[in-house]
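Quick notes on the structure that follows.
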Amino acid sequence: MHIDNFATGDSLLHRLDPRVKIVVAVLFSVVVAVADRHSCLAMAVCFSLTLLFLARLSLREVFLRLLVVNAFIVFLWLFLPFTYGGEKLFSIGSLDATREGVIYALLITVKSNTIVLALIALLATSPIVTLGHALNHLYVPDKLIHLLFFTVRYLQVLHLEYDRLRDAMRIRAFKPGTNVHTYKSLAYLIGMLLIKSFDRADRIRKAMLCRGFHGKYYLLSHFELQRVDVIMLVIMMLLVSGMASLQWIILK
Amino acid sequence: MDNSEVIIRFKGISFTYHDNQSHRPVLDDLNLQISRGERVGLIGSNGSGKTTLFHLLMGLLRPTAGAIEVFGEERRKEKDFRVVREKIGLLFQDSDDQLFCPTVAEDVAFGPLNLGKSQEEALAITGEVLERLGLDGFEDRLTYKLSGGEKRLISLATVLAMKPEVLILDEPSTGLDEDTVERLTEILRSSDLTYLIASHNSDFLSKTTDIVYRLERGKLARAKVS
């Protein structure tokens with residue numbers, strides 16, 4: 001399980017109030033997602049790289065995560081240059097790639113990597129549980145937060161259950177192949193997991209009822225803004241507003 | 001307190017699970033009476049209905065026939081059982097079912113908060129209960145990262161935090177190492193609660209209870225435990 005493996009550390013960003021980090025991450029993502037001016041994006045790239053540097057994460061791990069994101073982007077490169085109308089750049093067989101198409105694909109690549117880097121530096125540096133509490137303090141609806149918590153809590157349990165079932169198959173010499181027996185066995189495995197999680201949900205509900213649950217769920221943790229949080233919030237918000245003004249206010 | 005006061009009474013309880021394949025009667029005209037201060041053990045083979053019996057008592061299941069009296073009143077509807085759940089604590093077989101909050105403190109405080117305690121009171125109770133079980137310092141631990149034994153003891157803490165009058169424990173010693181079973185035994189022996197324990201471990205039952213019943217073919221009978 002790879003939950004929370006960036007969350008241990010003691011950098012400035014690890015210590016920053018999660019509420020500050022969430023607010024900045026959301027605003028930054030929105031600005032970068034809609035921006036298309038190069039000056040604005042260049043500033044955003046610098047911003048993300050600086051955050052990454054401040055978070056002092058293992059660059060190898062970060063790179064591995066970026067690979068996952070860019071696996072999706074490869075598909076954009078396969079289609080966008082050839083389907084976007086504009087000036088012809090080069091051609092493969094009867095397919096013409098356009099200059100505009102390539103630029104567009106490049107823009108999307110830069111933007112998504114920039115956003116993911118910032119999210120890793122800002123959000124992955126807090127444990128999910130802490131982020132959930134912070135969201136609660138930012139007035140995100142209770143139900144969404146409980147969904148998040150239950151998911152985090154039981155992902156682990158389901159994963160263990162899956163491991164157990166898979167091991168049980170393996171010790172009876174199950175070798176996956178391309179045949180009906182494999183498909184059938186894997187279908188049983190998935191079906192069993194579904195049934196088990198359904199049963200577990202029922203037992204959890206019963207356990208909650210036994211402890212007097214009547215629809216309200218309480219969260220404890222509280223945060224206190226420190227001076228460094230306020231300073232970082234102001235700096236980061238100024239930078240994000242800088243990007244926004246490069247995009248919308250300052251003329252070319 | 002009157003020691004002979006009967007607090008739980010099952011009168012002619014029958015229960016059948018209805019599913020597609022079978023109509024398997026689990027409990028059949030069962031009678032049970034527990035007085036305040038009694039420490040009762042329950043043995044029986046797998047599937048003999050021990051968990052069913054507990055779930056009937058907590059109102060998670062409804063009997064097919066018979067009446068359940070708890071604290072001198074007959075309990076029929078969901079509303080009747082709310083009071084029961086506030087005064088009787090049930091420890092589930094699988095601690096992963098019981099611990100669902102992200103942190104230990106939140107899980108232990110969940111019950112007291114449901115009982116209408118303020119956040120400060122709930123936190124105070126949490127600290128006090130954890131300390132009593134020798135688990136101080138566990139407050140901020142993540143529930144899904146605890147070991148099996150820790151999970152069981154924290155689960156017990158979540159139940160004790162509601163200050164129940166009666167404790168129901170469903171296979172509490174299963175899957176625990178000797179030290180943890182020893183700790184559990186000590187905790188139970190030193191408490192003055194009325195409790196009912198289902199277990200396969202007769203050694204554990206003989207150390208913690210005064211009377212043991214065997215559940216067989218849907219009925220209860222006195223059992224001899226060496």
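Here, each number is a calculation from the coordinates, and none is a lab measurement. Note that the structure is predicted; figures quoted are calculated from it, not measured. Glycine also receives a Cβ, built like all others from the backbone with ideal geometry; neighbour counts cover every protein chain displayed.
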Rounded to the nearest 0.05, what FRET efficiency do A:Asn5 and A:Arg99 have when you use their Cβ-Cβ distance and R0 = 30 Å? 0.15
Over segment B:11-112, what is the relative contact order in whole percent, taking alpha-carbon pairs under 8 Å and six or more residues apart? 23 percent
Residue order, fewest to most surrounding Cβ atoms within 10 angstrom, among A:Cys210, A:Cys46: A:Cys46, A:Cys210
Show me the helices of chain A, taken as full DSSP H stretches, that run 27 Å or more along their long axis by Cα and average 1.6 or above in Kyte-Doolittle hydropathy. A:59-83, A:227-248
In whole Å, what are the Cα extents of segment B:1-142 along the three principal axes, biggest one first? 47, 43, 29
Semi-axes, largest first, in whole Å: what does sqrt of 5 times each Cα gyration tensor eigenvalue give for segment B:42-96? 20, 15, 10
If I model a spin label as a point 7 Å beyond the Cα along the Cα-Cβ vector, how far apart are those points for A:Arg227 and A:Leu59 in nm? 3.4 nm
Average projected area [Cα convex hull, chain A], square nanometres: 20.5 nm²
Hypothetical label at A:Trp248: residues of segment A:1-35 whose amide nitrogen lies under 16 Å (7 Å Cα-Cβ projection): A:26-35
Taking 0.36 nm per residue of sequence separation and subtracting the Cα-Cα distance, how much length would be gained by fully extending the chain between B:Glu178 and B:Gln33, in nm to one decimal? 49.0 nm
Treat every Asp and Glu Cβ in the protein assembly as shown as -1 and every Lys and Arg Cβ as +1, leave all other atoms uncharged, and give the resulting dipole magnitude about the Cα centre to the nearest 20 debye. 1240 debye
Label model pair B:Glu5, A:Tyr139: point-to-point distance (7 angstrom along the Cα→beta-carbon line) in nm is 4.9 nm
Using only C-alpha atoms and all pairs of different ones, pull out the Kirkwood radius for segment A:119-252 in Å with one decimal. 19.8 Å
Can you put A:Phe72, A:Phe82 in order, fewest other beta carbons within 10 Å first? A:Phe72, A:Phe82
Run the reach check for A:Lys216 against lysines, Cα to Cα strictly under 19 Å, same-chain hits fewer than 8 apart removed. What comes back? A:Lys143, A:Lys206, B:Lys79, B:Lys117
Counting other Cβ atoms within 10 Å, keep those with at most 13, restrict to DSSP loop, and tell me which trypsin sites (Lys or Arg not before Pro) in segment B:147-225 are left. B:Arg217, B:Lys224
Trypsin sites (Lys or Arg not before Pro), restricted to segment B:15-99: which are DSSP loop and have at most 10 other Cβ atoms within 10 Å? B:Lys77
Does anything in segment B:190-226 have its amide N under 15 Å from the 7 Å Cα→Cβ label point of B:Thr16, and if so which residues? B:218
May I ask you to list the lysines whose Cα is less than 17 Å away from that of A:Lys175, ignoring any residue fewer than eight positions away on the same chain? A:Lys184
Answer check: segment A:56-105, Cα atoms, Kirkwood Rh, Rg/Rh ratio of 1.21
